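Below you'll find the structure, written out as structure tokens, and then a few comments.
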Amino acid sequence: MEKGVVFVAGVYGVGKSHLCRLVSNEMGIPFYSAGDLISEQNGETYGRNKAVVNAEKNQDILISSVESKVKHCDIILAGHMCVFDKNGCILRIDLNQLKRMHIVKMVLLTADISRVYNNLSCRDNVCYSLDTLGELMQIESEQFFTLAELKNLPANIIEMSYSENDVVEMKKILRSEEK
């Protein structure tokens with residue numbers, strides 16, 4: 001695999017961090033959460049409400065942090081293509097910002113909306129409406145495919161089964177020689 005970032009996208013609660021952690025442990029590729037990298041620098045914490053105060057500044061922080069890590073090795077980065085702003089509205093991440101990142105593979109995790117709803121309500125004790133989650137999933141997907149096209153990369157998709165098969169599928173993608 002060409003050195004760089006394996007960008008794993010998906011909505012809140014789809015299982016990005018869990019899957020990435022498992023794959024990281026099995027393959028020895030460092031894993032980072034975009035939110036954690038940003039929080040290390042700006043002091044914001046993204047708890048249950050997921051609200052982002054300054055998305056543009058956060059993307060600059062993320063890109064700087066990621067680029068410093070990629071100098072040493074490949075990394076797996078779990079992140080978003082859209083987030084909630086401080087007013088609870090869906091905010092698209094500026095793809096020109098993400099385009100600057102040295103992404104060599106892209107993976108979108110998807111799942112049944114009711115499963116994501118349950119994951120979020122159990123994990124964060126937050127219940128978004130199904131309409132809001134559906135819109136979030138739609139925008140995440142649109143943004144993902146647009147960035148894949150801008151970066152001239154295949155748009156790999158894993159429909160989460162929440163089983164060992166997810167790890168197998170991710171490892172296949174990481175091992176493939178296709179960009």
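Any read-out appearing in this document is the output of simple, stated calculations on the displayed coordinates, not a laboratory observation. This is a predicted model, so every value here is computed, not measured. In this analysis, Cβ positions are derived from the backbone assuming ideal geometry, glycine residues included, and neighbour counts consider all displayed protein chains.
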Checklist entry - What residues have an amide H closer than 5 Å to that of PHE31, excluding those fewer than 5 places away on the same chain, when H is modeled at 1.01 Å from N in the peptide plane? => result ILE76
Checklist outcome for this item: Simple spin-label estimate for GLU164/SER121, 7 Å along Cα→Cβ, in nm, reads 3.1
Checklist entry - For segment 86-179, which GluC sites (Glu not before Pro) are in a loop by DSSP, counting at most 12 other Cβ atoms within 10 Å? => result GLU177, GLU178
Checklist outcome for this item: Sorted by chain and then number, the residues having a modelled amide H within less than 5 Å of the amide H of LEU108, at least 5 places away or on another chain, are ALA9, ASN156, ILE157, ILE158
